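See below for the structure under consideration.
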Amino acid sequence: MPLLNAPLNTELRIIKILVDEKTKRHLENLGILVNAKITILSLSEGNAIIKVKNGRLALNKSTALKIFVA
């Protein structure tokens, strides 16, 4: 399911990222990669704040829709 449809405050695993290579490399540098565990902390107007490892990141709606979790 897309990141924006996932439940809040539940540990999820990223299963697919459908972005261009440049964006994918950037996300990987931030710790967002396939099989990484994340937690969605907040959703607001399609934007998401997620917890990755020990940090928090904000994702805009267009990027969050391209990240699929289970």
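Bear in mind that the values in this text are calculations on the coordinates, not laboratory data. No experiment lies behind these values; they were computed from the predicted model shown. With ideal geometry, Cβ positions are generated from the backbone for all residues, glycine too; neighbour counts draw on all protein chains shown.
A Cβ-based charge dipole, computed about the Cα centre of the chain with Lys and Arg at +1 and Asp and Glu at -1, lands at about 140 debye. For region 18-57, trypsin sites (Lys or Arg not before Pro) meeting the loop criterion (DSSP other than H, G, I, E, B) and having at most 15 other Cβ atoms within 10 Å: Lys53. Projecting label points 7 angstrom from Cα along Cα→Cβ for Lys61 and Ser42 puts them 1.8 nm apart. All alpha carbon pair distances within region 3-69 were sorted into 10 Å bins beginning at 0; the resulting P(r) in whole percents reads 23, 64, 13.
Taking GluC sites (Glu not before Pro) across the chain, the ones in a DSSP loop with at most 15 further Cβ atoms lying within 10 angstrom of their Cβ are Glu45.
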